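The values are calculated or read from the model by the stated rules, or taken from the named source; none is laboratory data. From a predicted model like this one, the values you see are computed outputs, not experimental measurements. Heads up, the Cβs are rebuilt from the backbone with ideal geometry, glycines too, and the neighbour counts pull from every protein chain shown. Heavy atoms of the whole protein, side chains included, go into the accessibility calculation; ligands, DNA and RNA do not. Shrake-Rupley method; radii C 1.70, N 1.55, O 1.52, S 1.80 Å.
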Amino acid sequence: MRPNRLGSVAWLVQPLYVAVELLVAGVASASYSLRDDTISALGQLTCAPGHSGSTVVVCSPGHVALNEAFVVFASLRVLGAVLLRPSLAEGWVRGAATALWAVSGICSAAVGFVPVDQWPGPHALVAAPVFALQPLAVLATAAALRRTPGSVPRWVVTTGVAVAALTAAAAVAFGLRLGEATWVGGLERLALWPAYLWLGVVGAALLSRRGRVSGPG
């Protein structure tokens, strides 16, 4: 498989992370709330409150699957960024997009190695940069795609800018909401999920374009 096609596939599968998270949430204790409890609560090795502002204990039997998903999907985001770099127009925006996905991906993968109930300090240290860097990575990628003629349809670039704005605003709201009893999980997901869904769209658009260029053979 060619590097650019492999990179496109690495981004195409990103929405599957959301499916894994929902499956893990589905087998968590009934007290777990997608709206109120953090994603990290699903990676806890022990039964503990779902976030710092909650006193409701959450148990997550699927914590191994979620922590592995953190590592696998973050690694694929980095791989996709590196492999697709040569396909984008040269310039600092291309370099910025690659670097932002690389650093945010490494931090996201590290979250899987430091569950919040076991290493709360290191967990917060590696998780925090993701919320700042990922919206910037989406914005830089959209800009790089816009500068690359024929890479993706214009609407993909436009939605990328919208996703960057949405996730950045949600990340700020999530940070301000930490310690409160409700909507912590909902804001965290709004800060992260749209980027993974958008990468899936980008991967599909890039694969479709290359399929049309190369033809049936």
For the chain, the longest principal axis of the Cα atoms and the Cα long axis of helix 184-214 enclose an angle in degrees, to the nearest 10, of 20
Per the C-alpha gyration tensor (a ≥ b ≥ c, the square roots of its eigenvalues), segment 1-125 is rounded if a/c is under 1.5, else prolate if a/b beats b/c, else oblate; here it's prolate
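Counting heavy atoms of the protein chains only and a 1.4 Å probe, report the per residue accessible area for the chain as a whole number of Å².
46
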In Å, the C-alpha Rg and Dmax of the chain are 17.7, 60
The extension gain from Ala173 to Glu90, computed as 0.36 nm times the residue separation minus the Cα-Cα distance, is 26.4 nm
So, relative contact order of segment 50-186 in percent, Cα under 8 Å, 6 or more apart, is 27
Under the helix-only model (-39500 (n - 2.57) for each DSSP H run of 4 or more, divided by the residues of the chain), the mean residue ellipticity at 222 nm, to 500 deg cm²/dmol, is -23500 deg cm²/dmol
When the charge dipole of the chain is computed with +1 on Lys and Arg Cβ and -1 on Asp and Glu Cβ about the Cα centre, the Cα farthest towards its positive end, among Gly26, Leu207, Ser40, belongs to Leu207
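Report in % the part of the accessible area of segment 26-169 that belongs to carbon and sulfur, leaving out ligands and nucleic acids; probe 1.4 Å.
Numbers: 4610 of 6410 Å².
Looking at segment 26-169 in its full context, I get 72 percent from C and S.
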Measuring from the longest principal axis of the C-alpha atoms of the chain, the long axis of helix 15-27 (C-alpha) lies at a number of degrees, nearest 10, equal to 20
Taking Cα atoms, the helix 63-84 axis meets the longest principal axis of the chain at an angle in degrees (rounded to 10) of 20
Diffing segment 155-171: the Karplus 3J(HN,Hα) column from phi (6.51, -1.76, 1.60, θ = phi - 60°), in whole Hz with x for Gly and Pro, holds 5, 5, 5, 4, 5, x, 4, 5, 5, 4, 5, 5, 5, 5, 5, 5, 5
